[in-house]
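Single-structure report; data block below.
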Amino acid sequence: MSGGICLIGGTAVPEAWRAGFAAVLREEGFFTWNADGARDAECAIVARPQPGALATLRGLRLVSSVGMGADHILADPDLPAGVAVMRVVTQEMVAQVAEYIVLAVLRVERDSDRFDHLQRDARWERRLVARPGGRRRVGLLGLGAVGAGAARHLVALGFPVSGWSRTARGLSGVTAHAGEEGLARMLAETDILVCALPRTRATEGILDRHCFARLPPGAHVVNVGRGEHLVEADLLAALDAGHVSGATLDVFRSEPLPPGHPFWRHPAIRITPHSAGLSTPEASARRILENLNRLRGGEPLLDAVERGRGY
């Protein structure tokens, strides 16, 4: 019997997820963390860090997120040095987030918000002249699994697609950019900007007034990365000035988004509650167990996080 697998997250983990993890990991000694005292655990699964939780676990070899983000783990001061950290990236989750991006882009391309407003006002206003210039240009911040997946769909649909990443990546049909100069070039030629970046010190606040000012007038912003990527006041200012025409947001600095937050009632913002991509607890648990077995066998981990890089 191994040292056990501990789930850390409290109320952040729904009961259905606890049950799904337990069904797959029961034979590994699965248990849910509580503050009763120190326990042995070979692996910790972290949904939301409970202060001091990691420090109570002895013998840790692997710490895993429940999803694609690991910034909450790396920010935990109790994360032991030398312990492997992994993200959970399942095919179904990647496919769903890519589909969310495509849907957001198509809604902008087909003026769906305008037609929604017309229907509410019972107004019949056909657009009789096609918009000049062809399809809107899409710029992707981040060409990891999600960004690359969305790029392939968008290219197949005939969109001009550019991508920016830490180092230039070659994807068929995608104009690749890297570095500060590459970012400036991409933003200047982007009508729909999609952020699918991991959260790191370098990417926090990347969606700010300087970024928005570089976009052509009327651009739309989509954020499926992390809420910390967006400077909220700068987006509101860009929207109210008319330079940015709209935003589709799935992630926020404060979640749940407070009822009084101005995003809720802004006519140019579409909100979804951090639901762009969902995995099943069983699929996530199987991925974590696969990595734990890889670690035990001395094999390379899947979706391992490099602490220095931040993802």
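The values are calculated or read from the model by the stated rules, or taken from the named source; none is laboratory data. Being a predicted model, the structure only gives us computed values, none of them experimental. All Cβ positions, glycine included, derive from the backbone under ideal geometry; neighbour counts span all protein chains shown.
Odds and ends about this structure:
- Helices (runs of 4 or more DSSP H) contained entirely in segment 1-119, each with at least 3 residues that are touching a His at 6+ places or on another chain (Cβ under 7 Å) and in the same structural domain as GLY134 (by TED's automatic domain parsing): 91-109
- Looking across segment 173-231, the residues that are of a type outside the set (S, T, N, Q), in a loop (DSSP other than H, G, I, E, B) and more than 20 Å from LEU154 (Cβ to Cβ) come down to PRO198, ARG199, ARG201, ALA202, GLU204, GLY205, ILE206, ASP208, PRO217, ARG226, VAL231.
- Number of residues in segment 91-135 that are among the basic types (Lys, Arg) and either farther than 21 Å from ASP191 by Cα or surrounded by 15 or more Cβ atoms within 10 Å (Cβ to Cβ) (or both): the value is 5.
- When VAL94, VAL13, VAL89 are screened for being more than 30 Å from PRO132 (Cβ to Cβ) and either basic (Lys, Arg) or touching a Leu at 6+ places or on another chain (Cβ under 7 Å) (or both), only VAL13 passes.
- Residue in segment 294-302 that is charged (D, E, K, R), in contact with a helix residue (DSSP H, G or I) (Cβ under 8 Å, 6 or more places away or on another chain) and either surrounded by 17 or more Cβ atoms within 10 Å (Cβ to Cβ) or in contact (Cβ under 8 Å) with a residue 60 or more places away in the chain (or both) present: no
- For segment 208-227, filtered to residues that are within 15 Å of the chain's Cα centre (by Cα) and in contact (Cβ under 8 Å) with a residue 40 or more places away in the chain, the residue that is surrounded by the fewest Cβ atoms within 10 Å (Cβ to Cβ) is ARG226.
- Candidate set from segment 161-172 (those that are part of a loop (DSSP other than H, G, I, E, B) and either touching a Gly at 6+ places or on another chain (Cβ under 8 Å) or β-branched (Val, Ile, Thr) (or both)); member that is surrounded by the fewest Cβ atoms within 10 Å (Cβ to Cβ): THR167
- Positions within segment 255-311 being part of a helix (DSSP H, G or I), within 21 Å of the chain's Cα centre (by Cα) and polar (S, T, N, Q), in sequence order: SER284
- Some residue of segment 102-125 being under 26 Å from THR280 (Cα atoms), hydrophobic (A, V, I, L, M, F, W, C) and without any contact (Cβ under 8 Å) to a residue 60 or more places away in the chain: yes
- Unique residue being of a type in the set (Gly, Ala, Ser) and closer than 14 Å to ALA84 by Cβ when the list is ALA285, ALA268, ALA276, ALA304: ALA304
- Test: ALA151 is small (Gly, Ala, Ser), assigned to a helix (DSSP H, G or I) and in contact with a strand residue (DSSP E or B) (Cβ under 9 Å, 6 or more places away or on another chain): yes
- From the options VAL244, VAL251, residue that is surrounded by 20 or more Cβ atoms within 10 Å (Cβ to Cβ), in contact with a Pro (Cβ under 9 Å, 6 or more places away or on another chain) and assigned by TED's automatic domain parsing to the domain that holds GLU189: VAL244
- Residues of segment 121-143 satisfying the condition of being at pLDDT below 95 and of a type in the set (Gly, Ala, Ser): ALA130, GLY133, GLY134
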